[in-house]
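The values are calculated or read from the model by the stated rules, or taken from the named source; none is laboratory data. Note that the structure is a prediction, hence the values are computed from the model and not measured. Cβ coordinates were reconstructed from backbone atoms using ideal geometry, including for glycine residues, and neighbour counts include every protein chain displayed.
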Amino acid sequence: MANARGEQDQKIEKKMLFVTGGARSGKSNYAQQLALQHADNPVYVATARRIALDEEFEQRIKRHQADRNGNWTSIEEPLHVSKLSLEGRVVVIDCITLWLTNFFSLHKYDVEASLAAIKAELNELKQLDSFLIIISNEIGLGVHADTEIGRKFTDLQGWTNQYVAAMSDEVVFMISGIPMIIKKR
């Protein structure tokens, strides 16, 4: 497969790697560095939905974009990541938490419907002949949510993380910028 510069990329290994941890634990940086070790032109799939009039969130997006050089193919897709043309590529999907937020609001805060939707997407992605690096947050390690909807989302996130971890070939837990490999096949 030719990359953006017309060079041939090396044959990629079919793999699903799950990177999880707390906020600002170094997940994205670790995933991006790993992707660049395996491809000259990796794909970055941003699952966040841009929120109108949220300047702080826009700054977060810009900071993430600045972390990647021109070799990256960047795609914004808030729901149907499995429909993207990712076959044969090294792909960073950032992140499950924002992706789940999109499904959760689409399904009017129904945990079961949201979980079914994300599982269907993940099952489709697992079939690809690609090297997938999927990032998520461990929000259950933080304070207990004080609202019903917050508790529902925390449960949804935890169940989704368990599902991704079970189907992944490797799982890396990030703590203070240090990767801890907790599963490797």
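Which of the residues that make up the stretch 150-185 are surrounded by 13 or more Cβ atoms within 10 Å (Cβ to Cβ) and among the aliphatic types (A, V, I, L, M)?
Across the stretch 150-185, the qualifying residues are Leu156, Val164, Ala165, Met167, Val171, Val172, Met174.
Could you tell me how many of the residues in the stretch 75-90 are buried (at least 18 other Cβ atoms within 10 Å of the Cβ) and part of a helix (DSSP H, G or I)?
Final tally of qualifying residues: 1.
Give all pairs with beta carbons closer than 7 Å in which a residue from the stretch 12-32 that is under 9 Å from Asn137 (Cα atoms) and outside any helix (DSSP H, G or I) meets a residue that is aliphatic (A, V, I, L, M) and modelled with pLDDT under 90; count only pairs at least 6 apart in sequence or on separate chains.
Listed pairs, sorted by first residue: Gly22/Leu141.
Looking only at the stretch 33-47, which residues are within 25 Å of Ile118 (Cα to Cα) and either at pLDDT 95 or above or in a loop (DSSP other than H, G, I, E, B) (or both)?
Going residue by residue through the stretch 33-47, those that are within 25 Å of Ile118 (Cα to Cα) are 34-35, 42-47.
Listed by number, the residues that qualify are Leu34, Ala35, Pro42, Val43, Tyr44, Val45, Thr47.
Does the stretch 150-158 include one or more residues that are of a type outside the set (Ser, Thr, Tyr) and at positive phi? Step through it out loud before you land on a result.
Just the residues of the stretch 150-158 that are of a type outside the set (Ser, Thr, Tyr), to begin with: 150-153, 155-158.
Subsequent filtering for residues that are at positive phi retains none.
No, the stretch 150-158 contains no residue that is of a type outside the set (Ser, Thr, Tyr) and at positive phi.
Could you tell me whether Ala66 is of a type outside the set (Phe, Trp, Tyr) and modelled with pLDDT under 95? Break it down into steps so the answer makes sense when it comes.
On the way: of a type outside the set (Phe, Trp, Tyr): yes; modelled with pLDDT under 95: yes.
Yes: the conditions hold for Ala66.
Which members of the stretch 91-120 meet the condition of being of a type in the set (A, V, I, L, M, F, W, C), surrounded by 19 or more Cβ atoms within 10 Å (Cβ to Cβ) and touching a Ser or Thr at 6+ places or on another chain (Cβ under 7 Å)?
If the condition is that a residue be of a type in the set (A, V, I, L, M, F, W, C), surrounded by 19 or more Cβ atoms within 10 Å (Cβ to Cβ) and touching a Ser or Thr at 6+ places or on another chain (Cβ under 7 Å), then Val91, Ile93, Cys95, Ile96, Trp99, Leu100, Phe103, Phe104, Leu115, Ile118 are the ones that fit.
Report, by residue number, each residue of the stretch 135-171 that is in a loop (DSSP other than H, G, I, E, B) and closer than 17 Å to Ile93 by Cα.
Of the residues in the stretch 135-171, the ones in a loop (DSSP other than H, G, I, E, B) are 138, 142-147, 168-169.
Once the filter is applied, which keeps residues that are in a loop (DSSP other than H, G, I, E, B) and closer than 17 Å to Ile93 by Cα, the stretch 135-171 yields Glu138, Ser168, Asp169.
Which ones in the stretch 109-134 are of a type in the set (A, V, I, L, M, F, W, C) and in a helix (DSSP H, G or I)?
Listed by number, the residues that qualify are Val111, Ala113, Leu115, Ala116, Ala117, Ile118, Ala120, Leu122, Leu125.
Results for (1) of a type in the set (Ser, Thr, Tyr); (2) at pLDDT 95 or above; (3) in contact with a helix residue (DSSP H, G or I) (Cβ under 7 Å, 6 or more places away or on another chain), shown as yes or no for each residue.
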{"site": "Lys14", "(1), (2), (3)": "no, yes, no"}
{"site": "Ala31", "(1), (2), (3)": "no, yes, no"}
{"site": "Arg49", "(1), (2), (3)": "no, no, yes"}
{"site": "Leu53", "(1), (2), (3)": "no, no, no"}
{"site": "Glu76", "(1), (2), (3)": "no, no, no"}
{"site": "Ile93", "(1), (2), (3)": "no, yes, yes"}
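Does any residue in the stretch 140-163 that is of a type in the set (Ser, Thr, Tyr) come within less than 8 Å, Cβ to Cβ, of a residue that is assigned to a helix (DSSP H, G or I) and modelled with pLDDT under 95 six or more places away or on a different chain, and which pairs are these?
Thr154/Ile139; Thr154/Gly140
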